[in-house]
Every structure is written in structure tokens, then in C-alpha cells.
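*Asks:* Quick one: this structure, given as C-alpha cells, is what I'll be asking you about.
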Amino acid sequence: MDFKMQIELIQKKRVAEIVLKKEPANAYDFSFMKDLNALLDEIEKMDSVTVVLINSALPKFFCAGADLKVFAKNTIAENDKMVALASNATAKIEASKKIFIAAIAGHCLGGGLELAMACDLRIAKAGNYLLGLPEINVGLIPGNGGTQRLLRIVGPSKAMSILLNRKNFSPKHALEIGLINELFPVEDWDRTMENYAQHLSEGPSMAMAATKRAVLDGAYLNITDGLKLEQQLLKPLNGSADNIEGMKAFNEKRQPTF
């Protein structure tokens, strides 16, 4: 499939790597989001893939969000379509059985941060770049799930501050408030990022998918319904091939091969 060199797909064992490469800042437009949606659909059909890594080929940017120059030229209807496509992409990531990792090593702003927040894990490289949701500066609010995912990740109080104060922030601050899961040093970033994804991909895919659903869906439920969901997700894992291999490896004092 031709993705017009805006996005590249690389498969390494059980990891599918989505590389954003739209110069100069991975600022997206309708075409970019159409390509990303098509690529996500393609990856979902790849049974051998258990982990999807999203990163950037650009040294200074992960993703700058929507291209505001294009946004300003578009009609309202055109922009509505672009926002809908971006929302579809983040929804597909959240609904996927695969584990998505955002590997952030440059500015991650607006829709770029919304893309990262839709991922299950966010790892970042130490640096002087910025993260933020600055949509309020142009009289808007995040439209790709940014308000809702942010408050569920960092809590209502911190989310309100980020959304209203019109200030971007450092990756160190993002780690402190729980917006990113891990902050790694600059040295050997590429290797660290790939090793992180490969390690996760070696886990039991059914249990990983069940864990994702338990956490994401359970966050919307009361404790009683959440516990019911947990039992529903656990039931098909008992006696599964991965369960049998995991128990066998434990008894044989070796690493399991899932």
C-alpha cells in the first residue's frame, strides 16, 4: 500500500513500527490521517504482530498536531472531516487487541499528544522539547479525545491546569504527573526504544489484550462491574496455550516462549 512517504511501516518480529515522516513537523492534514487510518487497519490484520510502536523519523518532532496553515485554509466542513479521521485513528488504537507504544523524542503537541495518549504506553527521550495541548490558544479544545484521555491519565485537577493555562511542559514534568510511563536518557535511545517494544512483544498476546481491556474498559465502571469484567476476561485465558506454556515454564524454571 502506498502511504505517499508520509508514514512508513516496518515489521521486526512481533513488533510493527509506525514511523511518522512528514516534513517538517509531522503536522497532519486529511491525507496524512487517511493514510494513518488505512495503515492501522492493515496492522490490525497482521496476526503475528502483538505490539505496535509509533515513533518519528524527524529529530525535533514526534508530531505537532494538526497543520494549522491547512486548517485555516479549509472550510469548516473540511476541518470537521479531518478531525473525524483523527478521532477514528485514536479510537482504533484504543480498541485494538495489540499493545501500542508512543516513543516520544521531540515536540509532541496538540493532536500529536492526543495520538500518544491513545497509546497504551508512552516512553520518552530526555530532552528540551515540549509536550502540551495548546488548542485553547486558537479558541478550540482538543478534538481527538484529548480532554477525556488526559483527565483519565493524570486526573481532573492536573488535566484542567494543562488544558487552561496555555503553557507547554517538559518531558520531565510529563513523567512527574504520570503522562508518560518511562523517561530514558539520550544515549542509545533508538536501541532502548526498540528493546522496550521487543520485550513487550515477547509476552502472551491473549493476556496482554485482556489486560488492556480490563484497564481501559474498567476505568469507566464501578468496582462491582469492573470485577465482573475482570472475571469475564480471565475465563478464556485459563487453559489457553499461553497459560499452559507459562505454567510449564514456571515449573521447569525457564523463560516461557509465547
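The values are calculated or read from the model by the stated rules, or taken from the named source; none is laboratory data. Since the model is a prediction, treat every value here as computed from it, not as a measurement. We work out accessible area using only protein heavy atoms, side chains counted, and drop any ligands, DNA or RNA first. Shrake-Rupley method; radii C 1.70, N 1.55, O 1.52, S 1.80 Å.
*Asks:* Determine the percent antiparallel among the DSSP beta bridges restricted to the chain, to the nearest 5.
*Replies:* Around 25 percent of the beta bridges assigned by DSSP in the chain are antiparallel ones.
*Asks:* Please work out how much length the chain gains when fully extended from K167 to E252, using 0.36 nm per residue of separation minus the C-alpha to C-alpha distance, in nm with one decimal.
*Replies:* Extending this stretch completely gives an extra 25.2 nm.
*Asks:* Determine the gain in length on full extension of the stretch S240-A219; use 0.36 nm per residue of separation and subtract their C-alpha separation, reporting nm with one decimal.
*Replies:* That pair, S240 and A219, stretches by 5.0 nm at full extension.
*Asks:* Using θ = phi - 60° and the Karplus curve 6.51 cos²θ - 1.76 cosθ + 1.60, what whole-Hz ³J(HN,Hα) does each residue of the range 91-96 get, with Gly and Pro shown as x?
*Replies:* Result, rounded to whole Hz: 5, 5, 4, 5, 7, 5.
*Asks:* Moving to a separate point now. Using alpha carbon centroids, what distance separates the range 1-67 and the range 188-258, in Å?
*Replies:* Cα centroid of the range 1-67 versus Cα centroid of the range 188-258: 25 Å apart.
*Asks:* Can you give the accessible area per residue of the range 34-144, in Å², using a 1.4 Å probe?
*Replies:* Solvent-accessible surface per residue comes out at 41 Å².
*Asks:* Among the lysines in the range 63-157, how many pairs, 8 or more places apart or on different chains, have alpha carbons under 28 Å apart?
*Replies:* Qualifying lysine pairs in the range 63-157: 10.
*Asks:* Report the full-extension gain for the segment Q231 to L68: residue separation times 0.36 nm, less the Cα-Cα distance, to one decimal in nm.
*Replies:* The span from Q231 to L68 would gain 54.1 nm if fully extended.
*Asks:* Please work out whether the chain counts as rounded, prolate or oblate from its C-alpha gyration tensor, where a ≥ b ≥ c are the square roots of the eigenvalues and a/c under 1.5 means rounded, while otherwise a/b larger than b/c means prolate and anything else oblate?
*Replies:* Prolate, since a/c reaches 1.5 and a/b exceeds b/c.
*Asks:* For the chain, which whole percent of the accessible surface, found with a 1.4 angstrom probe, sits on carbon and sulfur atoms?
*Replies:* 58
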